[in-house]
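Beneath this line is the structure, given in structure tokens, with notes to follow.
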Amino acid sequence: MQKYKATGYLTLFDEEERQQRLSKIGNPLEKLSMVIDFEMFRDELEDAVLNKDKKSRAGAKPYDVVMMFKIMVIQRYYNLSDDQTEYQIEDRQSFRRFLGLSGGDKVPDAKTIWLFREKLVKSGVAEVLFQKFVDFLNKKHLIFNEGRMVDASFVLAPRQHNTPDENKQIKNDEGDDLWNDKPHKKCQKDTDARWTQKGGVNYFGYKNHIKSDAKSKLIISQETTSAKPHDSKSLDNLLDEKDKGQELYADSAYVGKEETLEKYEVKDRICEKGYRGHPLTEEQKENNRLKSKTRSRVEHVFGFMECVMNRLYVRTIGLARAATITGMVNLVYNMCRYEQIIRLGLLQPEKV
């Protein structure tokens, strides 16, 4: 008779040994906790989320805002729905440890998670939190100011099923006039997202526009738009006076923005574009190859979001919510990149 390993026997140190094995395999949330003090966000979160005008202490007490923010981090890293987030926190010990929850602590339900995110949307604090972490990275001397990279990526949204006339009104920015007699239907219709086409493929949703440091690949500024506007239209909102004298790397979609480059006094390192009857010369092709050695690094940023963070996708309605989620995606990416830089010693800033 075949003999197998015994199962069902627990010893005093089994749980500790299991946690050690999990840590050795690699727990991304544990790695973040080792290098990031999430308390740095408490003041901004409490100002944005808590009701400070409450006259009585009666009623249920809110969940800790930093813990709820860490739930947002979990959601964006694993790209989970609210229901799946609740389930996974209940089911996974690694999630509970990251949140500081013990076995007897109550887990926020899906509705509570949704309400917390809505408060982030209405307060606009997601952008504040993103910039606060950028300032933190700056103080760590990880924004090297040895060039800038800009690019955009699609943020997909659930496709809408509308009539041709309804789609025409939405395209003409008249979506607010639709379904006023059916409020329950209207609240499920995203009139901010747009269709666009790239490489013969249709996309519906939004765009995540970023500017990142060319050396560290950390995101410095961001903007979320519908998918329709051309990538280059956000360039003016991504650049600022701190970019003066920097080399700006971008693909040929940003050709023709000389006025913006002059405005911020950045050096043009944008890949050149060929036209019908005027193809690129061999010299231009070689220049593009040299520029692309740096420019292509921005693709690593979106590659991490697509592959590790389970792609750029929103399940919400409207630009404001999409911008909050995309802002959180960019913030979580920066956290992960910072942890990677510190753990692997990839870069050597003056002070860390």
Revision key, fill the gap. Length gained if Arg92 through Met40 is fully extended, taking 0.36 nm per residue and subtracting the Cα-Cα distance, is 16.1 nm
Revision key, fill the gap. Counting only DSSP beta bridges fully inside segment 194-352, the antiparallel percentage to nearest 5 is 75
Point to revise | 19 Å cut-off, amide nitrogen to a point 7 angstrom out along Gln20 Cα→Cβ, residues in segment 71-112 | key: 94
Check your understanding: Leaving out same-chain residues fewer than 8 places away, which aspartates and glutamates sit with a Cα under 15 Å from that of Lys285?
Key -> Asp251, Glu272
Review point. To the nearest 10 Å², what's Trp114's accessible area with a 1.4 Å probe?
Key: 90
Practice item. Report the FRET efficiency, 1/(1 + (r/R0)^6), for Ser33 and Gln84, where r is their Cβ-Cβ distance and R0 is 25 Å, rounded to 0.05. Key: 0.70
Revision key, fill the gap. With DSSP loop assignment and no more than 10 other C-beta atoms within 10 Å, the trypsin sites (Lys or Arg not before Pro) in segment 68-159 are Lys106
Review point. Within a Cβ distance under 11 Å of Leu156, other residues only, what is the Lys/Arg minus Asp/Glu net charge?
Key: +3
Revision key, fill the gap. Largest fluctuation, Val308, Val73, Val121 only, Gaussian network model of the chain with Cα springs under 10 angstrom, belongs to Val308
Check your understanding: Taking θ as phi - 60°, what are the ³J(HN,Hα) couplings along segment 329-335 by the Karplus curve (6.51, -1.76, 1.60), each to the nearest whole Hz, with x for Gly and Pro?
Key -> 4, 5, 5, 5, 4, 4, 4
Study note, to complete from the structure: Candidate cut points under trypsin sites (Lys or Arg not before Pro) in segment 275-312, DSSP loop plus at most 16 other Cβ atoms within 10 Å of their own Cβ, are Arg276, Arg311
**Study point:** Local electrostatic count at Pro229 - Lys and Arg +1, Asp and Glu -1, tallied over other residues with Cβ under 11 Å
**Key:** +2
Review point. Which residue, Ile71, Ile219, Ile36, has the most motion in a Gaussian network model of the chain that connects Cα atoms within less than 10 Å?
Key: Ile36
Review point. In straight Cα distance, which lysines are under 24 Å from Lys24, not counting same-chain residues fewer than 8 positions off?
Key: Lys5, Lys70
Review point. What does the charge dipole of segment 116-163 about its Cα centre add up to, to the nearest 20 debye, if the Cβ of each Lys and Arg holds +1 and the Cβ of each Asp and Glu holds -1?
Key: 200
Practice item. Assign one of three labels to segment 128-282, namely rounded, prolate or oblate, based on the Cα gyration tensor with a ≥ b ≥ c the square roots of its eigenvalues; rounded applies when a/c is under 1.5, prolate when it is not and a/b is larger than b/c, and oblate otherwise. Key: oblate
Review point. In the calculated pair distance distribution of the chain, what percentage of Cα-Cα distances lie above 29 Å?
Key: 50
Practice item. Using the Cα centre as the reference, give the magnitude of the dipole from point charges on the C-beta atoms of the chain (Lys, Arg: +1; Asp, Glu: -1; all else neutral), rounded to the nearest 20 debye. Key: 800
**Study point:** GNM flexibility winner over the chain from Thr163, Thr294, Thr196 (Cα, springs under 10 Å)
**Key:** Thr163
Exercise for review: Pairs of Cα atoms under 8 Å, at least six residues apart: use those to get the relative contact order of the chain, whole percent.
Suggested key: 20
Study note, to complete from the structure: Counting sequence-distant residues (5 or more places) and residues on other chains, those with an amide H built under 5 Å from that of Lys267 are Gly245, Gln246, Glu247, Leu248
Study note, to complete from the structure: Beyond 26 Å (Cα-Cα) in this structure, taken from Lys52/Lys242; Lys111/Lys132; Lys61/Lys111; Lys119/Lys257, we find Lys52/Lys242; Lys111/Lys132; Lys119/Lys257
Exercise for review: Please compute the net charge surrounding Trp179, taking Lys and Arg as +1 and Asp and Glu as -1 over other residues with Cβ under 14 Å from its Cβ.
Suggested key: -3
Exercise for review: Excluding residues on the same chain fewer than 8 positions from Lys31, give the aspartates and glutamates whose Cα lies under 13 Å from its Cα.
Suggested key: Glu339
**Study point:** MRE, 222 nm, helices only [DSSP H, n ≥ 4, -39500 (n - 2.57), over the chain, to nearest 500]
**Key:** -14000 deg cm²/dmol
Practice item. Take the alpha-carbon centre of segment 210-263, take the same for segment 170-207, and report the distance between them in whole Å. Key: 26
Point to revise | Antiparallel bridges, percent of DSSP beta bridges restricted to the chain (to nearest 5) | key: 75
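The values are calculated or read from the model by the stated rules, or taken from the named source; none is laboratory data. All figures in this text were calculated on a predicted structure; none of them were measured in a lab. FYI the Cβ positions are ideal-geometry reconstructions off the backbone, even for glycines, and counts take in every protein chain you see. Each accessible area value is taken on the protein alone, full model and side chains, heavy atoms only, with ligands, DNA and RNA left out. Shrake-Rupley method; radii C 1.70, N 1.55, O 1.52, S 1.80 Å.
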